[in-house]
Amino acid sequence: MAAALQVQQASFEAKAADHRAAMLAGVAEERGRLIDQANAEAAAIRDRMHAAMEVDRARDLRGLQEQAALLAGAMALKLINRLPGDLIASAMCDALCDRVRSLTDSERSRLVGPDGFDIVTAVPLSAEEQERLRTALSRSLPGCKPGAMLTDPNLIAGAELRAPDLVVRNSWRADLDAMLAQLMAGEDNAASS
């Protein structure tokens with residue numbers, strides 16, 4: 001009987017060892033699954049955090065670029081105020097006429113239309129400067145009907161022709177806006193690469 005008990009005890013011990021090994025394997029498997037799940041959740045959180053940080057960085061960069069453009073405009077205005085007014089008016093007139101001559105036939109026809117256009121300058125022009133600009137525009141754009149002479153200091157320097165369906169921009173503001181747009185487009189392209 002002692003031998004039968006020993007065999008039975010050995011059988012119980014073997015089953016217990018098998019059961020224990022199975023439990024340890026199950027625990028190890030569950031532990032691995034939980035670790036993999038935790039790692040996946042951590043990676044997802046990290047990815048969301050990086051994406052949010054990138055959005056914040058892009059927004060902050062755009063804000064800085066806009067502030068830089070405003071500062072550049074203010075600095076340009078201070079510099080332009082140092083120049084003689086007649087020199088500015090002459091250069092503005094020549095540049096605007098060059099811009100008008102570079103327009104397409106379709107664009108020129110929209111300026112010559114029945115509604116004409118207004119001339120907007122960054123600073124008020126003297127009567128002589130206004131006449132010089134109107135005469136130069138008439139030579140660059142035969143048949144045009146310049147309307148009111150308006151002032152918009154936001155242009156910083158230069159002038160614009162504003163028709164009902166077309167604006168011909170030739171100002172430092174337009175140049176600064178274009179440069180800012182290029183900077184922002186370049187940053188957007190770099191961010192999407």
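Per-structure values
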{"read-out": "Filter result for Leu61 (surrounded by 10 or more Cβ atoms within 10 Å (Cβ to Cβ), of a type outside the set (Phe, Trp, Tyr), in contact (Cβ under 8 Å) with a residue 60 or more places away in the chain and assigned to a helix (DSSP H, G or I))", "value": "yes"}
{"read-out": "Residue check, Gly143 surrounded by 13 or more Cβ atoms within 10 Å (Cβ to Cβ) and outside the structural domain of Ala68 (by TED's automatic domain parsing)", "value": "no"}
{"read-out": "Residue list for region 47-70, restricted to those being of a type in the set (Gly, Ala, Ser) and modelled with pLDDT under 85", "value": "Ala68, Ala69"}
{"read-out": "Flag for Ala44 being modelled with pLDDT of 85 or more, under 21 Å from the mean Cα position of the chain (by Cα) and farther than 23 Å from Ala181 by Cα", "value": "no"}
{"read-out": "Region 146-169, residues that are buried (at least 16 other Cβ atoms within 10 Å of the Cβ) and either in contact with an Asp or Glu (Cβ under 7 Å, 6 or more places away or on another chain) or aliphatic (A, V, I, L, M) (or both)", "value": "Met149, Leu155, Ile156, Ala157, Ala159, Leu161, Arg162, Ala163, Leu166, Val168, Arg169"}
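Residue-wise test of (1) closer than 15 Å to Trp172 by Cβ; (2) free of Cβ contacts under 8 Å to residues at least 12 places away in the same chain.
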position: Ala74; (1), (2): yes, yes
position: Met92; (1), (2): yes, no
position: Arg108; (1), (2): no, no
position: Val123; (1), (2): yes, no
position: Glu129; (1), (2): no, no
position: Leu133; (1), (2): no, no
position: Ala136; (1), (2): no, no
position: Ile156; (1), (2): yes, no
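The values are calculated or read from the model by the stated rules, or taken from the named source; none is laboratory data. Just so you know, these numbers come straight off a predicted model, no measurement behind them. Neighbour counts run over all protein chains shown; Cβ positions are idealised from the backbone, glycine included.
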